[in-house]
């Protein structure tokens, strides 16, 4: 067996405060975006102004942490300029890489800043060696963030076939649609996940309590879940709601339950497979959450590399009573 | 036969006999000029039709004067999907419509088309791909008019075709998981092809019984049917060269004739739309995406002008 590569821990930073927490807790890299449609978490109250980004990059670099900037949405025709400006800004501020999904954005970086690393976003949905090779050949992509649909054994096989690094999600939200290929939010609200960075935008969400104590969550004109008086209503995304169909009696989670990805038990297998970087999801989460999750995974990765048992109990507590899954990593029965 | 009217790939899992009959009727009676054939959604379905009947059906359509384009998988993960896609990418003499970037690896500098499930959102991406051999772009359903106009302008400059879906359920999302199998408490591996029970897809309703989305294996579609008939003249003016109708179980001869009649100016839009509304389609018609609104909206053209 080859010597184990120590994977980088890639941590979410929705705000400058979260970024500092992640850096202090031992992140190898943080990922973050600007306050506009160029990043896929374009939510109110999140993300960085250019000034904040500049200071944050300095803070991260002083702490030995890299900064990866998410430019991972798809500019609609007529608006590509904004994405290019954000690339220019990122290059000027000394970002360590840009995470991109769109061909035009990747081509612009390759042509304008050949030394700026391109990471292929999960939004590009490159799920085969051929797709990944295409992006490597065309744009010199250095790393691909894999869609959350592959088993560890598939990832191991993929790594042998592709000429770039691989990053996998290990913790956080567990989306079921192929990222970058979902316009459910746009169908309901008129705001697009790919073009605007919106997913169930809060301004379109309503909660309605009925006389029987049940609570409905409504997105636009559609009830996307209904909770009994005893249940807690989660944040309503279309792909985590309950619906009805002829094949079922009563409501069911047609796409996925409100469940969190927690691949902590799979870390040794993933390291063994040769994965170069582990990604923690959660740019919308608080700095306290980021601090705890990053610290716990820092300890886990370091322990595994040192040949010791990682302590993972802390991570179970972090999922806040939510159900957990290893997602697709363990078995393809998930499909 | 109208050169700008096309029939998109059949997204659903119909029995082979039904498909053969369907395409025979299209060959004999439909005014579409181009027919896209080939399984786009699920590689497990290909042994039923594609692997056995595709060449004969393609030949039948070609004898009737139609251009036949093979349309390829949207999700490419497992070895079998990769192998089939590579084989298709290498075939000579017929355009391949690409719905996954994996195909592009082997198509550099060879003419091909981009399908409506591959992300081309802007003029720079369009130009990049055209520079490598893309001759024709079928656009994503969620693109608003403003973006289509820019793409149309760029396409004219590049000399490539631009196609927009004007009829049928709109593809909204893809997954690795089969939601048809899930609805029947199965997994993709033991699905027993339950998607075949729903030839226009399986309706998903909200908890308060409102029809919402349509499930087709790994694909989620709109419940509403796109109808952009009223926008055809406008689209022509902004550079759209081809208009795509998607196969459904309603009378597709009537659908394609209605669009053909409107395209040729033999009937006006009001008459054409009335014909679509006589087809017995339960679901509402929608046009919100094109109007820059929520996709499920229906925005009457008159109201928009007012």
Next item on the list: Identify all residues within the range A:39-82 that are within 14 Å of chain B (Cβ to nearest Cβ) and closer than 20 Å to residue A:279 by Cα; write none if there are none.
Entry: A:40, A:71, A:72, A:73
Next item on the list: Would you mind stating whether residue A:157 is within 21 Å of residue B:107 (Cα to Cα) and surrounded by fewer than 19 Cβ atoms within 10 Å (Cβ to Cβ)?
Entry: no
Next item on the list: Looking only at the range B:72-94, decide whether some residue is out of contact with any helix residue (DSSP H, G or I) (no Cβ under 8 Å at 6 or more places or on another chain) and under 27 Å from residue B:233 (Cβ atoms).
Entry: no
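If I filter the range B:68-75 for residues that are part of a loop (DSSP other than H, G, I, E, B), over 26 Å from residue A:72 (Cβ atoms) and within 18 Å of the chain's Cα centre (by Cα), do I get at least one hit? Let's see the steps before the verdict.
As a first pass, look at the range B:68-75 and keep what is part of a loop (DSSP other than H, G, I, E, B): B:72-75.
Filter once more, keeping what is over 26 Å from residue A:72 (Cβ atoms): none.
No; the residues of the range B:68-75 include none that is part of a loop (DSSP other than H, G, I, E, B), over 26 Å from residue A:72 (Cβ atoms) and within 18 Å of the chain's Cα centre (by Cα).
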Notebook entry, point to check: Can you find even one residue in the range B:38-52 that is within 18 Å of the chain's Cα centre (by Cα) and farther than 30 Å from residue A:154 by Cβ?
Noted result: no
Checklist line | Residue selected from the range B:169-182 under the condition touching a helix residue (DSSP H, G or I) at 6+ places or on another chain (Cβ under 9 Å) and in a strand (DSSP E or B), by the criterion farthest from the other protein chains (Cβ to nearest Cβ) | finding: B:170
Next item on the list: Please enumerate the residues belonging to the range A:233-259 that are in a strand (DSSP E or B) and either out of contact with any helix residue (DSSP H, G or I) (no Cβ under 9 Å at 6 or more places or on another chain) or surrounded by 20 or more Cβ atoms within 10 Å (Cβ to Cβ) (or both).
Entry: A:242, A:243, A:244
Check: Taking the range A:211-225 as the search range and keeping residues that are surrounded by 11 or more Cβ atoms within 10 Å (Cβ to Cβ) and out of contact with any helix residue (DSSP H, G or I) (no Cβ under 9 Å at 6 or more places or on another chain), which one is farthest from residue A:283 (Cα to Cα)?
Finding: A:214
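Can you tell me which of A:306, A:277 is under 21 Å from the mean Cα position of the chain (by Cα) and in the same structural domain as residue A:46 (by TED's automatic domain parsing)?
Values: A:306 fails: under 21 Å from the mean Cα position of the chain (by Cα).
Exactly one residue qualifies, and that residue is A:277.
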Item checked: Count - residues of the range B:239-259 that are under 15 Å from residue B:290 (Cα atoms) and either surrounded by fewer than 20 Cβ atoms within 10 Å (Cβ to Cβ) or under 14 Å from the mean Cα position of the chain (by Cα) (or both) -> 3
Item checked: Residue among A:75, A:16 that alone is farther than 28 Å from residue A:268 by Cα and either out of contact with any strand residue (DSSP E or B) (no Cβ under 9 Å at 6 or more places or on another chain) or assigned by TED's automatic domain parsing to the domain that holds residue A:194 (or both) -> A:75
Next item on the list: Would you confirm whether any residue within the range B:158-168 is more than 22 Å from the chain's Cα centre (by Cα) and outside any loop (DSSP other than H, G, I, E, B)?
Entry: yes
Check: If you go through the range A:86-102 one residue at a time, do you hit one that is at pLDDT below 95, under 22 Å from the mean Cα position of the chain (by Cα) and within 9 Å of chain B (Cβ to nearest Cβ)?
Finding: no
Notebook entry, point to check: How about the range B:80-138: which strands (runs of 3 or more DSSP E) wholly inside it have at least 2 residues that are within 12 Å of another protein chain (Cβ to nearest Cβ)?
Noted result: B:134-138
Next item on the list: Could you list, in sequence order, all residues of the range B:151-168 that are facing chain A (nearest Cβ under 8 Å) and surrounded by fewer than 22 Cβ atoms within 10 Å (Cβ to Cβ)?
Entry: B:154
Margin query: buried (at least 23 other Cβ atoms within 10 Å of the Cβ), more than 14 Å from every other protein chain (Cβ to nearest Cβ), closer than 25 Å to residue B:142 by Cα and over 15 Å from the mean Cα position of the chain (by Cα): is that true of residue B:262 in this structure?
Written below: yes
Check: Going by the structure shown, is residue A:58 closer than 21 Å to residue A:14 by Cβ, without any contact (Cβ under 8 Å) to a residue 24 or more places away in the chain and assigned to a helix (DSSP H, G or I)?
Finding: yes
Check: Can you name every residue in the range B:1-17 that is in contact (Cβ under 8 Å) with a residue 40 or more places away in the chain and not in a strand (DSSP E or B)?
Finding: B:1, B:8, B:9, B:10, B:11, B:12, B:13, B:14, B:15
Next item on the list: Filter the range A:119-142 down to the residues that are away from every other protein chain (no Cβ under 11 Å) and buried (at least 24 other Cβ atoms within 10 Å of the Cβ), then identify the one that is nearest to residue A:276 (Cα to Cα).
Entry: A:119
Next item on the list: Output the helices (runs of 4 or more DSSP H) that fall wholly within the range A:143-232 and possess 3 or more residues being more than 7 Å from chain B (Cβ to nearest Cβ) and either farther than 30 Å from residue A:34 by Cβ or in contact with a strand residue (DSSP E or B) (Cβ under 6 Å, 6 or more places away or on another chain) (or both), or say none.
Entry: A:152-161
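The values are calculated or read from the model by the stated rules, or taken from the named source; none is laboratory data. The structure presented is a predicted model; accordingly, all values stated were derived computationally and were not measured. Virtual Cβ from ideal backbone geometry, glycine too; neighbours counted across all protein chains shown.
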